[in-house]
Amino acid sequence: MLSISSILALILAYLFGSIPTAVWIGQAFYNIDVREYGSGNAGATNTFRVLGKKAGIPVMLLDILKGWTATNLAYIIGVSTTGAYHSIAFTNYALALGVAAVMGHLFPIFAGFRGGKGVATLFGMILAINLQASLLCVLVFLVVLLITKYVSLASIMAGFTYPIGVTFIFPVYIKSVIIYGMCICVLILVTHQKNIERLLKGKESKVNLFKKKTA
């Protein structure tokens, strides 16, 4: 049974995830709501697309930080209710906090429940859960991005890398972590449905991180 402190931590994790970094940075520094342009999503990818890397990089890092911070709330609150670090109960609780943050990013209370696709926040979460597998995802993401220049495709491939990583390359013997990895694949496919359609039609926008944004 969850304690009051555990429930409050889940709410706090959701609120962390709900911080609409793309919306706030776009409005504060560019007087633009990124949700009204590009793909219409309040995430790092659309920020790169609409405002360029000077806005996209901070948004991406802050969105990663949201997921990492929310998941690590388990170290502050989780041990008192679930037992020792890295126990099955502790890991499950950390996963629940991370999921709460991702849901906050997808449906942010601070931005009319119109959020992004959650990839950066998901990465922050898996970074806190399994460092080695998450770094493998980064490698796959960068390689695919540099070759294709499609952020969406790179995100999809990185997402599919995680369950492979925790199952075969850096095996984790907690079933919930593996099941969560499989759920990541489903979530990414659902949230990137339009991107997949555009990729198949050859209409998906490309991002060049090394090219200066022109006026």
Among the numbered criteria (1) under 18 Å from ASN41 (Cβ atoms); (2) at pLDDT below 90; (3) not aromatic (Phe, Trp, Tyr), which one does SER155 miss? (2)
Selection within the stretch 112-131 - surrounded by fewer than 21 Cβ atoms within 10 Å (Cβ to Cβ) and either part of a helix (DSSP H, G or I) or aromatic (Phe, Trp, Tyr) (or both): PHE113, LEU131
Name every residue in the stretch 12-60 that is outside any loop (DSSP other than H, G, I, E, B), β-branched (Val, Ile, Thr) and within 18 Å of the chain's Cα centre (by Cα), in order of residue number. THR21, VAL23, ILE25, VAL34, THR45, THR47, ILE57, VAL59
Of (1) surrounded by 15 or more Cβ atoms within 10 Å (Cβ to Cβ); (2) modelled with pLDDT under 95, SER3 fails just (1)
When TYR162 is run through (1) aromatic (Phe, Trp, Tyr); (2) within 13 Å of the chain's Cα centre (by Cα); (3) in a loop (DSSP other than H, G, I, E, B), the failure sits at (3)
Looking only at residues in the stretch 164-175 that are modelled with pLDDT of 90 or more and not aliphatic (A, V, I, L, M), which one is nearest to THR45 (Cα to Cα)? GLY165
Can you tell me which residue in the stretch 163-209 is farthest from LEU135 (Cα to Cα), limited to those that are hydroxyl-bearing (Ser, Thr, Tyr) and buried (at least 19 other Cβ atoms within 10 Å of the Cβ)? THR191
State yes or no: is ALA154 part of a helix (DSSP H, G or I), free of Cβ contacts under 8 Å to residues at least 60 places away in the same chain and buried (at least 22 other Cβ atoms within 10 Å of the Cβ)? yes
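The values are calculated or read from the model by the stated rules, or taken from the named source; none is laboratory data. Since we're looking at a predicted model, the values are computed, not measured. Every residue, glycine as well, gets a Cβ built from its backbone with ideal geometry; the counts of neighbours run over all protein chains shown.
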